[in-house]
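What follows is one structure encoded as structure tokens, with my remarks underneath.
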Amino acid sequence: IDIKEFPDPLPRLIIEAEDRNFYYHIGFDPLAVYSSLVSHLFSDGRRGGASTITMQLTRILHPEWKKYPVLIRKGLEISNAIQI
């Protein structure tokens with residue numbers, strides 16, 4: 001489905017909710033990744049996500065990556081998101 005077929009505010013709402021910096025990064029958001037990593041290492045279970053829409057797409061395209069440890073998986077997602 002072409003994105004133009006959706007009601008006008010829907011794509012903007014999705015981008016705002018899922019990846020606020022979608023138009024300003026190269027496929028991943030380095031600040032969000034750093035923040036998530038720090039949160040993962042030093043928080044008591046409260047963690048924020050760092051996945052951009054593009055990284056989420058790589059997860060859909062490569063479901064077999066779930067078997068890898070999280071740091072390897074995130075590296076693969078970032079690398080593939082930059083390529084996309």
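The values are calculated or read from the model by the stated rules, or taken from the named source; none is laboratory data. In this text, all values refer to a predicted model and were calculated from it rather than measured experimentally. Don't worry about glycine lacking a Cβ; one is built from the backbone with ideal geometry, like all the others, and counts go over all protein chains shown. The area values use the complete protein model at the heavy-atom level, side chains included, leaving out ligands, DNA and RNA. Shrake-Rupley method; radii C 1.70, N 1.55, O 1.52, S 1.80 Å.
List of remarks:
- Residue count, region 53-67 (criterion: of a type outside the set (Lys, Arg) and surrounded by 13 or more Cβ atoms within 10 Å (Cβ to Cβ)): 8
- Matching residues, region 7-52, being free of Cβ contacts under 8 Å to residues at least 40 places away in the same chain, among the hydrophobic types (A, V, I, L, M, F, W, C) and open to solvent by less than 90 Å² (accessible area, probe 1.4 Å): Leu10, Ile14, Ile15, Ala17, Phe22, Ala32, Leu37, Val38, Ala50
- Any hit, region 44-56, residues being over 9 Å from the mean Cα position of the chain (by Cα) and either of a type in the set (S, T, N, Q) or assigned to a helix (DSSP H, G or I) (or both): no
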